[in-house]
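First up is the structure itself, then whatever we jot down about it.
The values are calculated or read from the model by the stated rules, or taken from the named source; none is laboratory data. Quick caveat: nothing in here was measured; it's all calculated off a predicted structure. When we count neighbours, we look across all protein chains shown, and the Cβ atoms used for this are built from the backbone with ideal geometry, even at glycine. Heavy atoms of the whole protein, side chains included, go into the accessibility calculation; ligands, DNA and RNA do not. Shrake-Rupley method; radii C 1.70, N 1.55, O 1.52, S 1.80 Å.
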Amino acid sequence: MRKKIVAGNWKMNKTFNEAEDLLFDIADLLKNNRPADVEILVCPPAIYLELSADIAHENGFSCGAQNLSQHEAGAFTGEISAAMIASTGAKYVIVGHSERRTYFGEDDVLLAAKVSQALKHELVPVYCCGEVLAEREAEKHFTVVGEQIQKALFHLTAEEFSRVVIAYEPVWAIGTGRTASPAQAQEMHAFIRKVLADKFGQAAAEETTILYGGSCNAANAAELFANPDVDGGLIGGASLKAEDFVKIASSF
Ligand code: 13P
């Protein structure tokens, strides 16, 4: 059975002390309220990865980075490699978040290289895809998402692909308070699974964890996660409050 995951993408938030407080608050809440069969993942800013991985592993949750370099090592000032991320104890890395695509010019060719680099170092890439509002209004959302999947993931071997997690994040729902309806989320997740089945086979597609992201919160998580093809969430704003985040993780 495919894995359920609730992941918090902290984005560029929290100072060191605030990050430490949030991690311990999450750990405390999980002591009394640990959802069964759900992997809980925090993705803090990279500077806190070692701290976060230590606290996460002591308390039964996981840690991931928000980005990685496509390069192995060398003269790339300011960049962080897959090997560095793995060496902190982090197990996951978000790849291709829409904010990376929009503000840092990351395209599918670059993201294909980043996915491969993550897998090379035994990190699980959480590959993000999703259409902008104009694309949905023009009814191009399936084409856009299908191409994002194809261009960044279809070069993988079956074994490599089996380690990938996908996050569908409609850009118009990110940080806007506007959520995809449960029906819209289900429709796109089922489409993504079909695209994956056509390339990697039905069994592989059935095993792939596909998360929803975009204004998912403690009030709407249950109806989103109730869909058969929604295997959890990638949570932004609501992951910055321990109570909300743990409540979302308990929404299956
Ligand atoms: P919000 O939950 O703040 O809309 O952000 C979603 C997101 O971008 C997670 O990666």
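Kirkwood analysis of the stretch 44-87, using all unique Cα-Cα pairs, places the hydrodynamic radius at 11.2 Å.
To the nearest 20 debye, what is the magnitude of the charge dipole of the stretch 110-166 about its Cα centre, counting +1 on the Cβ of each Lys and Arg and -1 on the Cβ of each Asp and Glu? Numbers along the way, then the final one.
Working: 6 positive and 8 negative charges, 37 e Å.
The calculation lands at about 180 debye.
Taking R0 as 22 Å, what's the FRET efficiency between GLU159 and ALA190 from their Cβ-Cβ distance, rounded to 0.05? Intermediate results must be reported in sequence, preceding the final value.
Details: r = 25 Å, r/R0 = 1.13.
FRET efficiency, GLU159 to ALA190: 0.35.
Backbone N atoms of the stretch 108-134 closer than 13 Å to the 7 Å Cα→Cβ label point of GLU79 belong to residues 110-111, 113-115, 117-118. Inter-label distance, LEU133 to ASP198: 3.0 nm, where each label sits 7 Å from its Cα along the C-beta direction.
Before I look further, what does the chain give for accessible area per residue, probe 1.4 Å, in whole square angstrom? If you can, show how the numbers build up before the last one.
Values: 11080 Å² over 252 residues.
Ligands and nucleic acids excluded, the figure is 44 Å² per residue.
When the Gaussian network model of the chain links Cα atoms closer than 10 Å, the mean-square fluctuations of GLY201, GLY213, GLY89 top out at GLY201.
Probe radius 1.4 Å, ligands and nucleic acids left out: which of VAL230, VAL195 has the largest accessible area, and how do the rest follow?
Numbers: VAL230 5, VAL195 25 Å².
Final ranking, largest accessible area leading: VAL195, VAL230.
Among GLY237, GLY105, GLY214, the largest mean-square fluctuation in a Gaussian network model of the chain (Cα springs under 10 Å) belongs to GLY105.
Among the protein heavy atoms of the stretch 178-252, carbon and sulfur supply 52% of the accessible surface, probe 1.4 Å, non-protein parts ignored. Loop-resident trypsin sites (Lys or Arg not before Pro) (DSSP state other than H, G, I, E or B) in the stretch 158-218 with no more than 15 further Cβ atoms inside 10 Å of their Cβ: ARG163, ARG178. When +1 charges are put on Lys and Arg Cβ atoms and -1 charges on Asp and Glu Cβ atoms, the dipole computed for the stretch 1-42 relative to its Cα centre reaches about 340 debye. Residues LEU29, LEU224, sorted by accessible area with the largest first, give LEU29, LEU224 [1.4 Å probe; ligands and nucleic acids excluded]. Using the Cβ of LYS31 as centre and a radius below 12 Å, the other residues enclosed give a net charge of -2, where K and R count +1 and D and E count -1.
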